[in-house]
Amino acid sequence: MVGASDENEAKPATAARIYDYYLGGTHNFPADREAAEAMMRVLPLGPQLARTNRAFLRRAVRHLAESGVRQFLDVGSGIPTVGNVHEIVQQIAPETRVVYVDIDPVAVAESEEILKGNELAAAVHGDLREPASILAHPQVNALLDLDRPVGLLLAAVLHFVPDDDVAYGAVDRLRAALAPGSHLVMSHATTDEVRHDQDELDVAHDIYRRRTTTPLGLRSRSQFERFFAGLELVEPGVVWLPLWRPAPDDPQYFADDPRRSAGLGAVGRVP
Ligand SMILES: C[S@@+](CC[C@H](N)C(=O)[O-])C[C@H]1O[C@@H](n2cnc3c(N)ncnc32)[C@H](O)[C@@H]1O
């Protein structure tokens, strides 16, 4: 049982750096590795889940760039290593602009370092729960023209915004700022149709709640679909992550049963 004092203790790990560790990155600290290892003792698939999610993101942004989207706003971006958005889209169209937004100041600082010399990409500190501040951010406005189509990326971040009112409100606010022809790319952890031991899930929830500032809140398929209400879903619609336009360079972790990826992904177009 976790008492009130635990709620106030320092939160040494972050979701961004736990994820970086799962991806095989080097931008993480001992506290992040300990949290990740503690989770892997009960949920050993953590690294495979992270890599499957990152592969979905890679395919989705590649698809948008190939469809002509030349601006990206990536909220909850983490650390842009190990297959990152700006490299993928700028390889397809060098003039593409990318703004990364993350709540973790260390992730933002590391991102700024990685982006040095790239005039068309920036990393800023921001909180998805405060969408108006993101939209008003000077660097967002300096790099992106919101009157033209934008790829809004919300990959594996909304399950760190457990409050439904806040989560749907934030996505609605960001969506409302997008010009027609913009796209929403989203992935989200779910326990729908996935057989999980509740004790194991409790451990994961407990680790994120106690060791980070971003507690977990999984959503069902229908809750995920609600984020896309009013958008035109790009084929194949809402699917398990490995099934969204699979590519030859994908990791093959969940080929036998894509539900075990425990993540849903979709891309919707603003009409
Ligand atoms: C699992 S990582 C996903 C990284 C990247 N989007 C991807 O899919 O590869 C989740 C990221 O969301 C960030 N995050 C969590 N809550 C956030 C919030 N309220 N606002 C902005 N970023 C947040 C974390 O710091 C972390 O970098």
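The values are calculated or read from the model by the stated rules, or taken from the named source; none is laboratory data. Being a predicted model, the structure only gives us computed values, none of them experimental. Virtual Cβ from ideal backbone geometry, glycine too; neighbours counted across all protein chains shown. Calculation scope for accessible area: heavy atoms of the full protein, side chains included, ligands and nucleic acids excluded. Shrake-Rupley method; radii C 1.70, N 1.55, O 1.52, S 1.80 Å.
Starting from the amide H of R97, placed 1.01 Å from N in the peptide plane, find each other amide H under 5 Å away whose residue is 5 or more places distant or on another chain.
Those qualifying (amide H under 5 Å, at least 5 residues apart or on another chain) are Q71, F72.
In debye, nearest 20, what is the charge dipole magnitude of the chain about its Cα centre with +1 on Lys and Arg Cβ and -1 on Asp and Glu Cβ, if you could check?
520
Applying the Karplus parametrisation 6.51 cos²θ - 1.76 cosθ + 1.60 with θ = phi - 60° to the phi angles of segment 211-221, what ³J(HN,Hα) value in whole Hz is obtained for each residue in order, glycine and proline being reported as x?
After applying 6.51 cos²θ - 1.76 cosθ + 1.60, I find 9, 10, 8, 10, x, 7, x, 6, 10, 7, 4 Hz.
Of all accessible surface on the chain at a 1.4 Å probe, what whole percent is carbon and sulfur?
Looking at the chain in its full context, I get 51 percent from C and S.
How large are Rg and Dmax for segment 177-236 when calculated on the C-alpha trace, in angstrom?
When restricted to Cα atoms, segment 177-236 yields Rg and Dmax of 15.3, 44 Å.
Quote the relative contact order of segment 58-199 in percent (integer), defining contacts as alpha-carbon pairs under 8 Å separated by 6+ residues.
Relative contact order, segment 58-199: 25 percent.
Work out from phi, with θ = phi - 60° and the Karplus expression 6.51 cos²θ - 1.76 cosθ + 1.60, the ³J(HN,Hα) of each residue of segment 245-260, listed in order in whole Hz, and give x for Gly and Pro.
Result, rounded to whole Hz: 6, x, 10, x, 8, 5, x, 9, 4, 10, 4, 6, 8, x, 4, 5.
Quick check for you: with a 1.4 Å probe and neighbouring chains kept, what is the accessible area per residue of the chain, in Å²?
44
Please work out how much accessible surface E34 shows to a 1.4 Å probe, ignoring ligands, DNA and RNA, in Å² rounded to 10.
We get 110 Å² for E34.
V239's amide H: which non-local residues (gap 5+, or another chain) put their own amide H closer than 5 Å, with H modeled 1.01 Å from N in plane and none for Pro or chain starts?
The answer is G265.
In deg cm²/dmol, rounded to 500, what helix-only [θ] at 222 nm does the chain give when every DSSP H run of at least 4 residues adds -39500 (n - 2.57) and the total is split over its residues?
Computed ellipticity for the chain at 222 nm equals -12000 deg cm²/dmol.
With the contact rule set at Cα under 8 Å and sequence spacing of 6 or more, what percent relative contact order holds for segment 4-269?
Worked out over segment 4-269, it gives 21 percent.
For V124, enumerate residues with amide H under 5 Å from its amide H, sequence gap 5+ or separate chain, H modeled in the peptide plane.
Y100, V101, D102
Tell me, what is the Rg over Rh of the chain, with Rh the Kirkwood radius over Cα pairs?
Here the Rg-to-Rh quotient is 0.94.
With springs connecting C-alpha atoms under 10 Å apart, model the chain as a Gaussian network and identify which of G151, G230, G181 has the largest mean-square fluctuation.
In this elastic network of the chain, the residue with the biggest mean-square fluctuation among G151, G230, G181 is G230.
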